[in-house]
Amino acid sequence: MADVGVPAVYEAAIEYGGVLIRADVLQREDDGWALIEVKSSTRCKDIHLPDVAVQLWVLRGAGIVVNRAGVLTLNRNYVYDGEALDMEQLFVFHDLTEAAGAMLEDIGDDVERFQGMLAGDAPLISPGAHCFNPYDCPFYAHCTRNAIFPEHPLSELPKLYVRKRQELEAAGVTDVRDVPEDFGLSPLQAVVRQCVISGDERVHGDLSAALSRVVLPVYHLDFETLAPAIPRFAGTRPYDSIPFQFSAHVEQADGTVSHTEYLHGDSSDPREPLALALLDALGETGSICVYTGFEARVIRDLAAALPELAPRLEALPERIWDLHPVIRNNYYHPGFRGSFSIKQVLPALIPQMSYDKLEIGDGALASISYEQALQSEDPAEEQRIFRALREYCGQDTLALVRLRGVLAGRALQYTAG
């Protein structure tokens, strides 16, 4: 820091008052320093302010002159031209000098209180939702090591308001099965409670009618995407969702099922070749079965990015039929555990199709693995990852086929009953 030839210091470790910080960036200025806390988000959040304030307290307490303090985020409005990144536009500095400065008077008292707490026994505070706000507490496993968790915790009740949960907990109710019948649950929460008590699945809507709205042939579609923080393709912004893979299982009127897929095999822009393959795979008639609205958003983004293909791409969302609300509004199984994620629904209804045995078992890992494959200099490693990606994405769409079949059977069974 004494060397005026050093324009900035990264991860500077400074200690004051028994508090150690590592400032992301200390940028040298004519008469002092600028404290820059770097975040991967696209906006400055409330929780960032005390983060900056504590660092400012330490730095100034250690005798370092800090003129400016703030947060550096990515600029979601920046559109990459495909030529050279404009660093001035890519990032946004949020100046928190005044707001952080206003907190300094209280930070010393807070530090003293925290250090006193750390020097004594663990606080007698029961673990709860506060353990995960604003971040997961690293001591949660320790604090709950002797806890006996209910078999069906209240978290299995979909969209249970905090106030209602607190009301139940105050009455000593922690298991769904112990919730009083007259408590005032929503219709779906009441269904979940009854299914958990009985241990049985339940068709609670017109499942048969909902399933009958598909038009054959049915194209079961799933995308895998990456969302780079630093845009790498022309016309994209930070964190734009870029599809690099799709799978489509097609069920014909006679019940036969075929499979088609696309996986972009290099680091070039995958959108146009993927879109062309997609249009070829989905034909012009028949329902496109998806799970949640993600696929529709990907298709609309492709249409916006590819004007020449836009008319054909824009016609696809009109054919989309979403299985997620069909299940949520009409059917429940205790194995769902309050979640309607396909990762929870599928093993409850078709245990042999669990994702646990797959090398790649979720979308986040798929994105990371794809990046690893493109960066690998080992062709065998690249092909191994590509095979795992095909297996994962293919299971997602085969799962939709199988789920529709199982649900049709349940609809018939309970209608007949």
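If you go through segment 228-260, how many residues are without any contact (Cβ under 8 Å) to a residue 24 or more places away in the chain, over 15 Å from Cys393 (Cβ atoms) and assigned to a strand (DSSP E or B)? Let's see the steps before the verdict.
To start, the set of residues in segment 228-260 that are without any contact (Cβ under 8 Å) to a residue 24 or more places away in the chain comprises 228, 254-256, 258, 260.
Of the ones still in play, those that are also over 15 Å from Cys393 (Cβ atoms) are 228, 254-256, 258.
Remaining after also requiring assigned to a strand (DSSP E or B): 258.
Number of matching residues: 1.
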Exercise. If you scan segment 325-340, which residues turn out to be closer than 20 Å to Pro153 by Cβ and not in a helix (DSSP H, G or I)?
Worked result: Tyr332, His333, Arg337, Gly338, Ser339, Phe340
Exercise. Somewhere in segment 217-230, is a residue within 24 Å of Asn329 (Cα to Cα), surrounded by 18 or more Cβ atoms within 10 Å (Cβ to Cβ), outside the structural domain of Phe294 (by TED's automatic domain parsing) and at pLDDT 95 or above?
Worked result: no
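With the structure loaded, tell me whether Leu407 is in a helix (DSSP H, G or I) and modelled with pLDDT under 95 or whether it fails that test. Explain how you work it out, then say what you get.
On the way: in a helix (DSSP H, G or I): yes; modelled with pLDDT under 95: no.
In short, no.
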Exercise. Mind checking which residues of segment 333-365 are under 24 Å from Val250 (Cβ atoms), buried (at least 20 other Cβ atoms within 10 Å of the Cβ) and aromatic (Phe, Trp, Tyr)?
Worked result: none
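Working carefully through the options Glu382, Glu371, find the one that is acidic (Asp, Glu), modelled with pLDDT of 95 or more, under 20 Å from the mean Cα position of the chain (by Cα) and in a helix (DSSP H, G or I). Break it down into steps so the answer makes sense when it comes.
Numbers: Glu382 fails: under 20 Å from the mean Cα position of the chain (by Cα).
Testing whether each residue is acidic (Asp, Glu), modelled with pLDDT of 95 or more, under 20 Å from the mean Cα position of the chain (by Cα) and in a helix (DSSP H, G or I) leaves just Glu371.
Without any contact (Cβ under 8 Å) to a residue 40 or more places away in the chain, surrounded by fewer than 21 Cβ atoms within 10 Å (Cβ to Cβ) and under 23 Å from Arg213 (Cβ atoms): is that true of Pro307 in this structure? Before the answer, list the steps.
Details: without any contact (Cβ under 8 Å) to a residue 40 or more places away in the chain: yes; surrounded by fewer than 21 Cβ atoms within 10 Å (Cβ to Cβ): yes; under 23 Å from Arg213 (Cβ atoms): no.
So Pro307 does not fit the description; no.
Please tell me if Pro317 is free of Cβ contacts under 8 Å to residues at least 12 places away in the same chain and over 22 Å from the mean Cα position of the chain (by Cα).
no
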Exercise. Within segment 261-286, how many residues are of a type in the set (Asp, Glu) and either in a strand (DSSP E or B) or touching an Asp or Glu at 6+ places or on another chain (Cβ under 6 Å) (or both)?
Worked result: 1
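Considering only helices (runs of 4 or more DSSP H) fully contained in segment 1-114, which possess at least 1 residues that are buried (at least 16 other Cβ atoms within 10 Å of the Cβ), outside the structural domain of Asp240 (by TED's automatic domain parsing) and in contact with a Lys or Arg (Cβ under 7 Å, 6 or more places away or on another chain)?
Working: elements: 48-61, 87-90, 97-101.
Result: 48-61, 97-101.
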For this session: Return a yes/no flag: does segment 314-332 have any residue that is loosely packed, with under 14 Cβ neighbours inside 10 Å and more than 22 Å from Tyr414 (Cα to Cα).
Result: yes
For this session: Please name all residue pairs, on different chains or six or more residues apart, with Cβ atoms under 6 Å, provided the first residue is in segment 399-414 and is in the same structural domain as Thr292 (by TED's automatic domain parsing) and the second residue is among the polar types (S, T, N, Q).
Result: Ala411/Ser208
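Every residue, every condition in (1) within 30 Å of Leu302 (Cα to Cα); (2) acidic (Asp, Glu); (3) surrounded by fewer than 16 Cβ atoms within 10 Å (Cβ to Cβ); (4) within 26 Å of the chain's Cα centre (by Cα), yes or no:
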site: His130; (1), (2), (3), (4): no, no, yes, yes
site: Ser198; (1), (2), (3), (4): no, no, yes, no
site: Val203; (1), (2), (3), (4): no, no, no, no
site: Leu211; (1), (2), (3), (4): yes, no, no, no
site: Gly235; (1), (2), (3), (4): yes, no, yes, yes
For this session: Go through the residues of segment 1-11 one by one and say whether even a single one is under 30 Å from Pro231 (Cα atoms) and touching an Asp or Glu at 6+ places or on another chain (Cβ under 8 Å).
Result: yes
Exercise. For segment 59-90, what are the residues that are within 28 Å of the chain's Cα centre (by Cα), of a type in the set (A, V, I, L, M, F, W, C) and farther than 20 Å from Asp46 by Cβ?
Worked result: Val79, Leu85, Met87, Leu90
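The values are calculated or read from the model by the stated rules, or taken from the named source; none is laboratory data. In this text the structure is predicted, and so the values were computed from the model without any measurement. All Cβ positions, even for glycine, are placed from backbone atoms using ideal geometry, and neighbour counts span all protein chains on display.
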